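Structure first, then comments.
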Amino acid sequence: MSWKMGWKKGNESIKAGNFKCIFSYTFKEQFQHLSNFLMMEYSGFDRTNYPVLSVKEGYSQWATTYEETVQEEMDIRLLSKINSISWSKLNHALDFACGTGRIGAWLKLQAIDKIDGVDFTIEMLSKAREKNVYAELIHRDVSDTGLKAESYDLSIQVLADEHLSELSPLYIEASRITRKGGYFVIVGYHPFFLMNGLITHFHKESGEPVGIESHVHLFSDHIKAANKSNLTLLEMEEGIIDEAWLIKKPKWEKYRNWPVSYALVWQKK
Ligand SMILES: C[S@@+](CC[C@H](N)C(=O)[O-])C[C@H]1O[C@@H](n2cnc3c(N)ncnc32)[C@H](O)[C@@H]1O
C-alpha cells in the first residue's frame, strides 16, 4: 500500500497543500506510517564513499576472508559478560544469520547440546558447515525461517541487524520460535559508530574497500520491536574501543572510548 502526504481524522479528510489523504487511517496508523517514512537511512551519514554491495552479494564475496577481519572484542567479549543466562543449561539454540559459524562455535564451547543456524548467503553457510558445530543449517531469511514455533531455548543474532531494513520481522520471528521463558540475544554494530559514517565493509583481494548495505537502528527501535513481540529486556552491554582492541588495531586510536558494539538480552514472556 502506498502512503500519500496529508491527514485524515476519523472520516473527515483534511487538505494539506495540494495533498489530500485518501486512506481511512486513524491518527495512530498515520503516525506509524510517518515514522516509517522518516526512518533513518545510513546513506545520509556515510563518510567513506565506498561502493556498496547488496547484503547477499557482499557476504558471498567476503566469505573467504571474513574470519580474518572480525574482532572477538566486538561480540564474543560482550557474550562472555552476559550473566542472566546459564548457557550450559540450554538444550537447543538457533543462530540467526550464523554466517561462517563463529557464534555457533562459541555456543558449542558453552556446552549447549544442539545448535542450528540460518543464513541466506550460501558461501557463508558453506564455511559454517566446515565447523561441524551445527545440527542443521538452513538457507533462509532470518525473518522467515520456517522453523517450528516455541522450539528453541535460545535464539541469537550477532552482527547482522544493520543489514535488515526493519527490525520487527526479526524480533517477531525470534519470539515465535523461542519457548516461553527462553531468550533472544542480539549483538550488533553500535548505531553510534554507524551514524559516524563507517559502514560495515571489507577489502577485496585487490585492496579496494567495499561497503555492504546497512541501515541505522536506534535502541528505541529495538525496544519498540521487542514490545510488539512479547519480549522483556533482561540485560544490556556496550563494547567500547579500549586498550584490548587498540593492541590489535592501533590505527583505531582516533576512536578510543567510542562505543562500537552492543548486546541486548531479551526473555520471552
Ligand atoms: C557480519 S556476518 C555475521 C555472521 C555471524 N553471526 C558472526 O557473528 O560472525 C552477517 C551475516 O548475516 C547474514 N544475513 C544478513 N541479513 C540476513 C537475512 N535477512 N537473512 C539471513 N541472513 C542474513 C549474512 O548473509 C551474513 O552471513
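The values are calculated or read from the model by the stated rules, or taken from the named source; none is laboratory data. All figures in this text were calculated on a predicted structure; none of them were measured in a lab. We place every Cβ from the backbone using ideal geometry, glycine too, and count neighbours over all the protein chains shown.
List of remarks:
- Test: Glu57 is assigned by TED's automatic domain parsing to the domain that holds Ser151, among the charged types (D, E, K, R), at pLDDT 50 or above and surrounded by fewer than 17 Cβ atoms within 10 Å (Cβ to Cβ): yes
- Test: residue in region 182-195 that is over 15 Å from the mean Cα position of the chain (by Cα) and within 10 Å of the ligand (Cβ to nearest atom): no
- The lone exception for Pro250 - which of (1) without any contact (Cβ under 8 Å) to a residue 40 or more places away in the chain; (2) touching an Asp or Glu at 6+ places or on another chain (Cβ under 8 Å) it fails: (2)
- The residues of region 168-181 that are within 11 Å of the ligand (Cβ to nearest atom) and buried (at least 19 other Cβ atoms within 10 Å of the Cβ), listed by number, are Leu170, Glu173.
- Exactly one residue out of Gly58, Gly44 is closer than 14 Å to Met124 by Cβ and either within 16 Å of the ligand (Cβ to nearest atom) or not β-branched (Val, Ile, Thr) (or both): that is Gly58.
- Summed over region 108-133, the residues that are in contact with a helix residue (DSSP H, G or I) (Cβ under 7 Å, 6 or more places away or on another chain), over 26 Å from Ser168 (Cα atoms) and not in a helix (DSSP H, G or I) give a count of 4.
- For region 200-234, a residue qualifies if it is touching a Lys or Arg at 6+ places or on another chain (Cβ under 9 Å) and either surrounded by 14 or more Cβ atoms within 10 Å (Cβ to Cβ) or not in a strand (DSSP E or B) (or both), and the qualifying residues are Val210, Ser229, Asn230, Leu231.
- Restricted to region 129-167, and to residues there that are small (Gly, Ala, Ser) and closer than 24 Å to Lys89 by Cα, the residue that is surrounded by the fewest Cβ atoms within 10 Å (Cβ to Cβ) is Ala149.
- Some residue of region 197-204 being at pLDDT 95 or above and farther than 26 Å from Thr64 by Cβ: yes
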